[in-house]
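Notes for the one structure printed next.
The values are calculated or read from the model by the stated rules, or taken from the named source; none is laboratory data. Please read all numbers here as calculations on a predicted model, not as lab measurements. Cβ sites come from the backbone with ideal geometry, for glycine too, and all protein chains shown count toward neighbours. Just the protein is used for accessible areas: all its heavy atoms, side chains included, with ligands, DNA and RNA removed. Shrake-Rupley method; radii C 1.70, N 1.55, O 1.52, S 1.80 Å.
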Amino acid sequence: MTSNDSYVLEVLQENGAVTPEQVEQAEAGARQNGGSAVDALVANQVLSERDVLGILAGQFGMELVSLQDVTIPAEIRDLVPVDVARRYKVVPLYRNEDTLTVALSDPLNFDTLDSLRYVLKTNVEGVIATPEEIRVALDRYYAAESTMESMIGQITDGTVDVAVTGREDMQQDVEASESDAPIIKLVSLIILEAYRHRASDIHLEPMEKRFRVRYRIDGVLHEVDSPPKRLQAAIISRVKIMASMKISERRVPQDGRIEVNIMGRVLDLRVSTVPSNHGESVVMRILDKQNLALGLPKLGFFADDQQRFEQMINLPDGIILVTGPTGSGKTTTLYACLSHINRPDHKIITVEDPVEYQISGINQVQVRPDINLTFSSALKSILRQAPNVVMIGEIRDAQTANIATEASLTGHLVFSTLHTNDAPSAVTRLLDIGVKPFLVASSLRAVMAQRLVRCVCESCKEPYEPADDERRLLGAYGADEAEVQLVKGRGCNRCALTGYLGRKGIFEIMTVSDEIRRMIFESVSSSALRKRARETGMRTLREDGIRKVAAGVTTLEEVMRVTMGDVD
């Protein structure tokens, strides 16, 4: 852990952190098993690694920091080249006038700061962090450089396990060009790295002087790679070829699709391009078909909410809406619903734009505006197919909304989505679109609003004592702040030092009772609907989020980030 074992043991005894007997046992264990006595103390859980570093930091007047609480801007990271940061095992944190502060793990290695002052040509001061935090931070903040080096190496040795599938002409193009066009492998490796990092989106963004690549992981964007600006045009052209787009057309937005096989796993990439000041911005949404088999329990429902929701989706008719902003998991929830009720005695037809996942046993229709196959025109036709269940990707206009309403009133169960912030606002949205109040009141069975919150990483989860304002907030939402044990992720290599791994849903379920139906018929405001729904048992998004905080699923900070305050 440190470069001077005997000195550290002396300091620990002077500070009363260990007894002479414990030191003797540690030294004996070190002689027998190899290693240092300080490491033996940590292994025997006499002290933690952080305890040792905290005492040493105090001895030298240095600060002990937690790197998981620190965000390092790109301009600070760039002050220390990747080879220097990795050679000296330091992470730059901030700059104050002419002094750069870096985190290091060994306060006794005096040569590190002196060498950095010489190499960087600036004054350098140090703070202390654990070796694990230093290692993970280096992997995280210098991932762009290390990933690019890895990519270049893989391009050279040919170890790329990504193949475009579904199109013979594209496969032949890949095979014919692999030896002459390294850019093909570079694009494949960008996709491969996104898959390895569990990313849901890949963003290729042309800047004025650089070409930025970011991955959205658990709903948060991370800059992970920076190919040279000179490769920008070639990379974008390659993506457009893979997605069957027009390469020469750079003035208008385009949409396309790529199917790739990554290490035996088939992924669909939904591709969108938009012209920007410095070139075309490209976003590839990664759709993993295996994620479709989540099932209702894994969406994040507690037992009581899941039971209510299962009762709703097994109704014989009516409309059930799922609402929320883009990226809140609405489509995944609808697919889970359809999979749950997909039985041989049910005929299920969907109208989608686009068809994101193909489900066995379900008839799925792709909207194609270029041939006038819109949501409304497709709905008219599929109702003649006598389905039991209809899923509409999104209700966007009055015609689609009215046909969906009529379908629900003629014995069909209709699922769809709306972009509203909460469940009661869906009623107002339908009325604004142009659906008559009596039709909404008669057809609507339930509305569920949802958001996605990041889950605390199970590998580094640990309890902590909440602050007074956190206790007050828990109490305000009905949690017993005296008994609730809050947890947070310490940050580890598995979660890239974020403390979070994966996401779950939080939900706001409004069932349409007779009283709610009467209020819809009278066209009352969404705030009045919301107030009455809460009085009759509806939990808001924030209230459900607080329940999941109390259960140790997520953190209070995460719930506050994605929800609005509840107003009666």
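Here are the numbers:
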quantity: Residues of the stretch 411-438 that turn out to be closer than 19 Å to Leu315 by Cβ and either within 27 Å of the chain's Cα centre (by Cα) or without any contact (Cβ under 8 Å) to a residue 60 or more places away in the chain (or both), as a count; calculated: 7
quantity: Exclusive hit being within 30 Å of Ser248 (Cα to Cα), at pLDDT 85 or above, out of contact with any Asp or Glu (no Cβ under 8 Å at 6 or more places or on another chain) and not basic (Lys, Arg), set Glu310, Glu280; calculated: Glu280
quantity: Which numbered condition Gln68 misses (of (1) modelled with pLDDT of 85 or more; (2) crowded, with 18+ Cβ neighbours inside 10 Å; (3) not aliphatic (A, V, I, L, M)); calculated: (1)
quantity: Residues of the stretch 96-146 satisfying the condition of being part of a helix (DSSP H, G or I) and aromatic (Phe, Trp, Tyr); calculated: Phe110, Tyr118, Tyr141
quantity: Ser416 vs. criteria within 25 Å of Asp288 (Cα to Cα) and surrounded by 19 or more Cβ atoms within 10 Å (Cβ to Cβ); calculated: yes
quantity: Counted residues, the stretch 477-491 - those being among the hydrophobic types (A, V, I, L, M, F, W, C), at pLDDT below 80 and surrounded by 12 or more Cβ atoms within 10 Å (Cβ to Cβ); calculated: 2
quantity: Residue within the stretch 352-375 that is within 15 Å of Phe415 (Cα to Cα), surrounded by 18 or more Cβ atoms within 10 Å (Cβ to Cβ) and either among the charged types (D, E, K, R) or out of contact with any strand residue (DSSP E or B) (no Cβ under 9 Å at 6 or more places or on another chain) (or both) present; calculated: yes
quantity: Listing of helices (runs of 4 or more DSSP H) fully contained in the stretch 462-568 that carry 1 or more residues being within 30 Å of Leu431 (Cβ to Cβ) and in contact with a strand residue (DSSP E or B) (Cβ under 6 Å, 6 or more places away or on another chain); calculated: 526-535, 541-550, 556-562
quantity: Qualifying residue in the stretch 503-512 (condition: in contact with a Leu (Cβ under 6 Å, 6 or more places away or on another chain) and either on the phi > 0 side of the Ramachandran plot or open to solvent by 50 Å² or more (accessible area, probe 1.4 Å) (or both)); calculated: yes
quantity: Extreme residue, surrounded by the most Cβ atoms within 10 Å (Cβ to Cβ), among residues of the stretch 55-65 that are of a type in the set (A, V, I, L, M) and over 32 Å from the mean Cα position of the chain (by Cα); calculated: Leu56
quantity: Which numbered condition Thr332 fails, given (1) open to solvent by 60 Å² or more (accessible area, probe 1.4 Å); (2) in a helix (DSSP H, G or I); (3) out of contact with any Ser or Thr (no Cβ under 8 Å at 6 or more places or on another chain); calculated: (1)
quantity: Count of the stretch 237-274 residues which are under 15 Å from Ser188 (Cβ atoms), aliphatic (A, V, I, L, M) and surrounded by 13 or more Cβ atoms within 10 Å (Cβ to Cβ); calculated: 11
quantity: Number of positions in the stretch 508-538 that are touching a residue at least 40 places away in the same chain (Cβ under 8 Å) and either in contact with a Lys or Arg (Cβ under 8 Å, 6 or more places away or on another chain) or not aromatic (Phe, Trp, Tyr) (or both); calculated: 17
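Per-residue answers, yes or no, for (1) over 21 Å from Ala17 (Cα atoms); (2) open to solvent by 10 Å² or more (accessible area, probe 1.4 Å):
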| residue | (1), (2) |
| --- | --- |
| Glu49 | no, yes |
| Leu53 | no, no |
| Val80 | yes, no |
| Arg86 | yes, yes |
| Val90 | yes, no |
| Asp106 | no, yes |
| Asp114 | yes, yes |
| Gly126 | yes, yes |
| Ala129 | no, no |
